[in-house]
1. Since residue 191 meets every condition but one in (1) in the same structural domain as residue 99 (by TED's automatic domain parsing); (2) surrounded by 14 or more Cβ atoms within 10 Å (Cβ to Cβ), which condition does it not meet?
2. Helices (runs of 4 or more DSSP H) wholly in the stretch 54-152 with at least 1 residues that are in contact (Cβ under 8 Å) with a residue 24 or more places away in the chain and within 18 Å of residue 167 (Cα to Cα) - which ones?
3. Take residues that are within 11 Å of the chain's Cα centre (by Cα) and modelled with pLDDT of 90 or more and tell me which of the helices (runs of 4 or more DSSP H) falling wholly in the stretch 278-369 contain 3 or more.
4. Looking at 169, 217, 229, which is the one that is surrounded by fewer than 19 Cβ atoms within 10 Å (Cβ to Cβ) and at pLDDT below 75?
5. I'd like the full set of residues that are touching a helix residue (DSSP H, G or I) at 6+ places or on another chain (Cβ under 6 Å) and among the β-branched types (Val, Ile, Thr), limited to the stretch 118-139.
6. When residue 224 is evaluated against the numbered criteria (1) at pLDDT 85 or above; (2) open to solvent by 20 Å² or more (accessible area, probe 1.4 Å), which criterion, by number, is the only one it fails?
7. Scan the stretch 70-116 residue by residue and report those that are β-branched (Val, Ile, Thr) and in contact with a helix residue (DSSP H, G or I) (Cβ under 6 Å, 6 or more places away or on another chain).
8. If you go through the stretch 85-127, how many residues are in contact with an Asp or Glu (Cβ under 8 Å, 6 or more places away or on another chain), β-branched (Val, Ile, Thr) and more than 19 Å from residue 57 (Cα to Cα)?
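The values are calculated or read from the model by the stated rules, or taken from the named source; none is laboratory data. Bear in mind that the values here come from a model prediction, so they are computed numbers and not experimental data. A quick note on method: Cβ atoms are made from the backbone with ideal geometry, for glycine too, and the neighbour counts reach across all protein chains shown. Quick note on the areas: whole protein, heavy atoms, side chains included, nothing else; ligands and nucleic acids left out. Shrake-Rupley method; radii C 1.70, N 1.55, O 1.52, S 1.80 Å.
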Amino acid sequence: MMDNISTFIKKEFLHVFRDRKTLLMLFGLPIVQIILFGFALTNEITNAKIVVCDYAKDDASQQIIGKLQASQQFDIQRILLNHKQIETAFKDGEIKMAVVFPANFNSDLLHQHKAQVQLITDASDPNTATAISGYANQIVMDYQNELMQLQRVPYQINTEVRMLYNPELKAAVNFVPGVMSLILLLVCVLMTSVAIVKEKETGTMEVLLVSPFSPFLIIVSKAMPYLALSLINLTIILLLSVLVLGMPINGSILLLYAVSTLFIITALSLGLLISNRTASQQSAMLISLMGMLVPSILFTGFMFPLENMPYPLQLVSHIIPAKWYYIIVKSVMVKGLGFSAIWKETLVLLTMTMLLLVVNIKTFKIRLT
């Protein structure tokens, strides 16, 4: 009896070891998840890119700058000369904070026993802005305490915090662009992921085989209804954001719609590619949901700061369309910037769209033949 059971168990073990998909699910998936989530799911701010505008250029300002550079929270990009350069750096999305030392900073400390440091943060992401300003304020306070211990003088360094783009620190300013990118991507991909595979399952693929239309026109006809519905969906989202959540649209509404249309086409093309490659509607919807939901949440940047992630994961984020659209929406809606500030992100989305369309046409031609 025991020999029969052991033989049967051995047979099942052999079946499992021969099935590579099962082994991948058993060992590969947990390893990938623990590594991915362990590095990506963190709200701790590290290596936040900042700039320093030092009008003082004295010993006290240099010592604080050295402490900022030595901390793990900050990565000083460069020393700027004036406020105009700070404004340009924020508009370009290069930095999270600027530290400004006024002229005669050290002199004010020595003679008046008090001085002031200005912290300018990008509050379009209020959580990050609050965190990094708190880190910087703590470093300044540590320097103040060191001075008081060494010289027994009640020095006082006040930090003036200025929140750009979102002085009231409304959560909707960061939440709405992220949700827009997530919803539009998931809905568009899910809607079109079953468009072509459905033809095969229902037996109407033969109609397409004898159709006089080119593969490009067939793919366009599949996507057009969903494009129109997605634009209506976008309008509803914007109306709710403005009227209910009090989210401002500081930039051009036409530019926002134009770029949103491009992003929707990208998402629809991605859904059609999934539909082209899968054999059933169930598998297409599963791949669409699982394959796009988790990467979009992790690598868009509105929930977990991308700069905190290891460099390989930051590279992965570059192929997520929602990341680029999220940057665009924040730049247009929150910062009120024009096309000159978002042309790089728009070009990335356009390139993704063209590549997806080419692959879709080639794949569809193969399926038709």
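1. (1) is the only condition that residue 191 fails.
2. Output list reads 83-91, 126-151.
3. Details: elements: 281-299, 311-317, 321-329, 339-368.
By residue number, 321-329.
4. Result of the check over 169, 217, 229: 217.
5. 121, 139
6. Here residue 224 meets the rest and fails (1).
7. 76, 95
8. Qualifying residue count for the region: 1.
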